[in-house]
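Q: Please see the structure below; I have some questions.
The values are calculated or read from the model by the stated rules, or taken from the named source; none is laboratory data. All values reported here derive from a predicted model rather than from experimental measurement. So basically every Cβ, Gly included, is an ideal-geometry build from the backbone, and we count neighbours across all protein chains shown.
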Amino acid sequence: MRTNLVVAIDGYSSCGKSTIAKALAKKLGFIYVDSGAMYRAVTLYFLRNQVDVHQEAAVAAALAQIELNFHARDYQTHITLNGEEVSEEIRQMPVANFVSTVASLKPVRVEMVRQQQQMAAVKNIVMDGRDIGTAVFPDAPVKLFMTADPMVRAQRRFDELRSKGDQQVSLEEVYESLKQRDYADTTRVESPLIQAADAVVLDNTYLSPDEQLEFAFQLIRSKQPAEEVTITYRDTTY
Ligand code: C5P
């Protein structure tokens, strides 16, 4: 039986993981899964419902109320939280500032990982996040670990927020939020962000999107014969 192919991309906040993951998925005909969006959507639910993260029972009860779905159209990912499209709202600062706290909770991780593993049971996927190559798919044949200069990352995220109409946010605020998330993500007890032993590092501080795509594509080609990569992508819900 042929197992589905997983391309695992991990790395620091705002270092362009989703850009390359989307481009790769498109080139390969795979599904793109933004695992960070799942943690962000859960965080939005926790914020809206004032879930006390220190109360285990409250966290478990909240998780039982949450249904997440991805809807892929034209290789853009849209995520719904209990049927409501929240793709824009989960990128805003309130969620960004709280997501690492929510993502550090074991019950949250257990549930997200379960859902992520299910997705690969039926499709070839490119998934990005913090623990994809270490905890979610430790056997993934292709693993990338991405990094870039922190100031360059902050500038990119700042430009993105501004282009989406957030005129209030400052570059310093984005930089601080990013630094705090990197710290929280790399030092937490549950599945911290670390480079898998068999991951290949991609520092994209000075690389264009095309150069990164070429690098990743060659890596996949070196590990996976072309005939084993099948086209499975359709506009779909997963
Ligand atoms: O990738 P993105 O920046 O959207 O992720 C938001 C946050 O979700 C991260 O800072 C991290 O705390 C959490 N996350 C995680 N594990 C993943 C993906 C994201 O803990 N696989």
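Q: Kindly indicate the residue of segment 114-123 that is in contact (Cβ under 8 Å) with a residue 40 or more places away in the chain and of a type outside the set (K, R) and also nearest to D34 (Cα to Cα) among those meeting that condition. Give the derivation first.
A: Kept after step one, since they are in contact (Cβ under 8 Å) with a residue 40 or more places away in the chain, are these residues of segment 114-123: 115-116, 119-123.
Right, trim to of a type outside the set (K, R) and you get 115-116, 119-122.
Values: Q115: 12, Q116: 10, M119: 12, A120: 13, A121: 16, V122: 17 Å.
Among those residues, the one meeting the criterion is Q116.
Q: Which pairs have Cβ atoms under 8 Å, sit 6 or more apart or on different chains, and link a residue in segment 132-158 that is under 21 Å from A37 (Cα atoms) to one that is of a type in the set (K, R) and crowded, with 23+ Cβ neighbours inside 10 Å?
A: Filtered contacts from segment 132-158: I132/K143; G133/K143; M146/K17.
Q: Select from segment 113-157 the residues that are surrounded by 15 or more Cβ atoms within 10 Å (Cβ to Cβ) and of a type in the set (D, E, K, R) and write down the one among them that is farthest from the ligand (Cβ to nearest atom).
A: Per the criteria, the residue is K123.
Q: Suppose we filter A62, A120, A135, A140 for residues that are touching a Phe, Trp or Tyr at 6+ places or on another chain (Cβ under 7 Å) and closer than 21 Å to I220 by Cα; which single one remains?
A: Details: A62 fails: closer than 21 Å to I220 by Cα; A135 fails: touching a Phe, Trp or Tyr at 6+ places or on another chain (Cβ under 7 Å); A140 fails: touching a Phe, Trp or Tyr at 6+ places or on another chain (Cβ under 7 Å).
That would be A120, the only listed residue that is touching a Phe, Trp or Tyr at 6+ places or on another chain (Cβ under 7 Å) and closer than 21 Å to I220 by Cα.
Q: Pick out, from segment 1-88, the helices (runs of 4 or more DSSP H) lying fully within it that include 3 or more residues that are within 16 Å of the ligand (Cβ to nearest atom). Working first, answer last.
A: Numbers: elements: 17-28, 35-48, 56-65.
It comes to 17-28, 35-48.
Q: Can you tell which of A62, A72 is surrounded by 15 or more Cβ atoms within 10 Å (Cβ to Cβ) and under 18 Å from V113 (Cα atoms)? Let's see the steps before the verdict.
A: Values: A72 fails: under 18 Å from V113 (Cα atoms).
Testing whether each residue is surrounded by 15 or more Cβ atoms within 10 Å (Cβ to Cβ) and under 18 Å from V113 (Cα atoms) leaves just A62.
Q: Out of segment 89-109, which residues are assigned to a loop (DSSP other than H, G, I, E, B) and under 16 Å from the mean Cα position of the chain (by Cα)? Write out each step before concluding.
A: As a first pass, look at segment 89-109 and keep what is assigned to a loop (DSSP other than H, G, I, E, B): 92, 104-105.
Q92, S104, listed by residue number.
Q: Among the residues of segment 89-102, what is the count of those that are surrounded by fewer than 16 Cβ atoms within 10 Å (Cβ to Cβ) and either within 10 Å of the ligand (Cβ to nearest atom) or without any contact (Cβ under 8 Å) to a residue 12 or more places away in the chain (or both)?
A: Residues in segment 89-102 being surrounded by fewer than 16 Cβ atoms within 10 Å (Cβ to Cβ) and either within 10 Å of the ligand (Cβ to nearest atom) or without any contact (Cβ under 8 Å) to a residue 12 or more places away in the chain (or both): 1 in total.
Q: Can you work out which of the residues in segment 103-112 that are more than 8 Å from the ligand (Cβ to nearest atom) and touching a residue at least 40 places away in the same chain (Cβ under 8 Å) is nearest to E67 (Cα to Cα)?
A: Step one: list which residues in segment 103-112 are more than 8 Å from the ligand (Cβ to nearest atom), which gives 105-108, 110-111.
Narrowing further to those that are touching a residue at least 40 places away in the same chain (Cβ under 8 Å): 105-108, 111.
Details: L105: 18, K106: 18, P107: 15, V108: 13, E111: 11 Å.
Of everything passing the filter in segment 103-112, E111 is nearest to E67 (Cα to Cα).
Q: Counting just the residues of segment 65-105 that are aromatic (F, W, Y) and at pLDDT below 95, which one comes out farthest from R40 (Cα to Cα)?
A: Going residue by residue through segment 65-105, those that are aromatic (F, W, Y) are 70, 75, 98.
Narrowing further to those that are at pLDDT below 95: 70, 75.
Working: F70: 13, Y75: 20 Å.
The qualifying residue farthest from R40 (Cα to Cα) is Y75.
Q: Sticking with this one: Quick check on my filter: what residues within segment 81-112 are under 25 Å from S177 (Cβ atoms) and among the β-branched types (V, I, T)?
A: Across segment 81-112, the qualifying residues are V86, I90, V95, V99, T101, V102, V108.
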